[in-house]
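Written below as structure tokens is the structure these notes are about.
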Amino acid sequence: MQLINIGFGNMVSASRVISIVSPESAPIKRIVQEAKDSKMAIDATLGRRTRAVIMMDSGHVVLSSIQPETIAGRFTGTDEEEIENNK
């Protein structure tokens with residue numbers, strides 16, 4: 001089982017992640033609010049701004065303060081510097 005760091009020492013199982021999205025759009029905001037209402041949201045931001053929403057196969061929604069591109073790079077093993085250089 002591979003664990004992916006989503007910031008501040010928090011990890012998620014790579015095999016259980018369905019998608020990593022930005023929290024800016026209205027549909028994603030609705031999904032996050034519904035998850036909070038149904039107690040299916042896991043807030044791993046430690047009080048910081050939410051920059052990524054991670055959808056899990058269990059229906060849980062994980063909030064992270066790390067950029068989606070950075071988290072995706074950790075899945076593929078791409079260094080964060082490589083991501084910045086490719087922009």
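Points worth noting:
Table: residues versus (1) in a helix (DSSP H, G or I); (2) touching a helix residue (DSSP H, G or I) at 6+ places or on another chain (Cβ under 7 Å); (3) buried (at least 17 other Cβ atoms within 10 Å of the Cβ).
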{"residue": "SER19", "(1), (2), (3)": "no, no, no"}
{"residue": "GLY47", "(1), (2), (3)": "no, no, no"}
{"residue": "VAL53", "(1), (2), (3)": "no, yes, yes"}
{"residue": "SER58", "(1), (2), (3)": "no, yes, no"}
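- Enumeration of residues in region 23-45 that are open to solvent by 80 Å² or more (accessible area, probe 1.4 Å), under 13 Å from PHE8 (Cβ atoms) and among the polar types (S, T, N, Q): none
- Scan of region 2-35 for residues that are of a type in the set (Lys, Arg) and without any contact (Cβ under 8 Å) to a residue 40 or more places away in the chain, ordered by number: LYS29, ARG30
The values are calculated or read from the model by the stated rules, or taken from the named source; none is laboratory data. Keep in mind that this is a model prediction, so the values were computed, not measured. Please note: Cβ atoms are built from the backbone with ideal geometry, for glycine as well, and neighbour counts cover all protein chains shown. Please note that ligands, DNA and RNA were not included when accessible areas were found on the heavy atoms of the full protein model with its side chains. Shrake-Rupley method; radii C 1.70, N 1.55, O 1.52, S 1.80 Å.
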